[in-house]
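Undergrad: Can you read through this structure? Questions will come right after.
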Amino acid sequence: MAQQEWLYGIHALESVVQREPERLIELFVLKGRDDDRLLNIINQARRFGIAVQFCQRKTLDDKVNGEQHQGVVARAKPGKQYNENDLDQIVESQEHPFLLILDGVTDPHNLGACLRTAEAAGAHAVVVPKDKSAALTPTVRKVASGAADVIPLVQVTNLARTLRDIQQAGVWIIGTAGEAKQNLYDCKLRGPIALVMGAEGKGMRRLTREHCDELIKLPMAGTVTSLNVSVATGVCMFEIVRQRAI
């Protein structure tokens, strides 16, 4: 495991300084930038004895390989990493577990957007395979706008085995597939549930599909045949939220 990581972006740094300030080693701020949210991050960091350096834009750009940092970058200790054992505990601790499972989503911006949506929808965890999936990078954290520090991102070695395990724990697994017969809005989406979203284009892998209890699709009324995975995730998750509230 890496001994340190780079974090950047206003939302991501606000979340860390509020929830896990002990992770921050050093803060780098764009010289001359002056706004309330950035000043709050600086003041909070100083309260915890974290060194703050004011830098030129190029210095910050170089630290994050040209990513959009919004004028604030931090060197930090790695956050907690979650595995299969953590997922078992999460499922057991909830009366009606609500999980998002992403199969083969490799774009960090899509993963970050899905984390943000899952946290907003009240999901208890997001599950991804260790291979052929985006990991929790600084880009993912920035796009997730603080959600990555709240909702567990669980990396599993064998996704098919994980699906079997949560099925045995009483979780109903709903997969999304364009060729599914069932419409999202015609399905009962209450109780313990895991929503599986596949990668754009390829969709779910065969083994993942075979472990789903039910396949659903989004009704597409226009000429486009599919949505961005993070958009489709939002549509499906908030239909689950709506039904769970009834």
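Undergrad: When you scan the range 180-202, do you find a residue that is among the acidic types (Asp, Glu), surrounded by 15 or more Cβ atoms within 10 Å (Cβ to Cβ) and at pLDDT 95 or above, even just one?
TA: So far as the range 180-202 goes, no, none of its residues is among the acidic types (Asp, Glu), surrounded by 15 or more Cβ atoms within 10 Å (Cβ to Cβ) and at pLDDT 95 or above.
Undergrad: Oh, and also: For the range 149-185, give me each residue that is free of Cβ contacts under 8 Å to residues at least 24 places away in the same chain and not polar (S, T, N, Q).
TA: Listed by number, the residues that qualify are 161, 170.
Undergrad: Restricting attention to the range 201-244, report how many residues are of a type in the set (Val, Ile, Thr) and over 20 Å from the mean Cα position of the chain (by Cα). Break it down into steps so the answer makes sense when it comes.
TA: Going residue by residue through the range 201-244, those that are of a type in the set (Val, Ile, Thr) are 208, 216, 223-225, 229, 231, 233, 235, 240-241.
Subset that is over 20 Å from the mean Cα position of the chain (by Cα): 216, 223-225.
Residues meeting the conditions: 4.
Undergrad: Then there is this: For the structure I just gave you, tell me whether residue 137 is within 21 Å of residue 9 (Cβ to Cβ), out of contact with any Cys (no Cβ under 9 Å at 6 or more places or on another chain) and of a type outside the set (Lys, Arg). Don't jump to the end; show me each part of the working.
TA: Numbers: within 21 Å of residue 9 (Cβ to Cβ): yes; out of contact with any Cys (no Cβ under 9 Å at 6 or more places or on another chain): yes; of a type outside the set (Lys, Arg): yes.
So residue 137 fits the description; yes.
Undergrad: Would you mind listing the strands (runs of 3 or more DSSP E) fully within the range 1-66 where at least 1 residues are more than 17 Å from residue 148 (Cβ to Cβ) and in contact with a Phe, Trp or Tyr (Cβ under 7 Å, 6 or more places away or on another chain)? Outline the logic, then answer.
TA: Working: elements: 5-8, 24-30, 51-55.
Because the criterion is at least 1 residues that are more than 17 Å from residue 148 (Cβ to Cβ) and in contact with a Phe, Trp or Tyr (Cβ under 7 Å, 6 or more places away or on another chain), the strands (runs of 3 or more DSSP E) in the range 1-66 that meet it are 24-30, 51-55.
Undergrad: While we're here: So which helices (runs of 4 or more DSSP H) are wholly in the range 100-180 and hold at least 3 residues that are within 9 Å of the chain's Cα centre (by Cα) and farther than 25 Å from residue 217 by Cα?
TA: Working: elements: 108-121, 138-144, 159-168.
Of the helices (runs of 4 or more DSSP H) lying wholly inside the range 100-180, those with at least 3 residues that are within 9 Å of the chain's Cα centre (by Cα) and farther than 25 Å from residue 217 by Cα span 138-144.
The values are calculated or read from the model by the stated rules, or taken from the named source; none is laboratory data. Predicted model only: the values in this text are computed from it and were never measured. Reconstructed Cβ throughout: ideal geometry from the backbone, glycine too, with neighbour counts over all protein chains shown.
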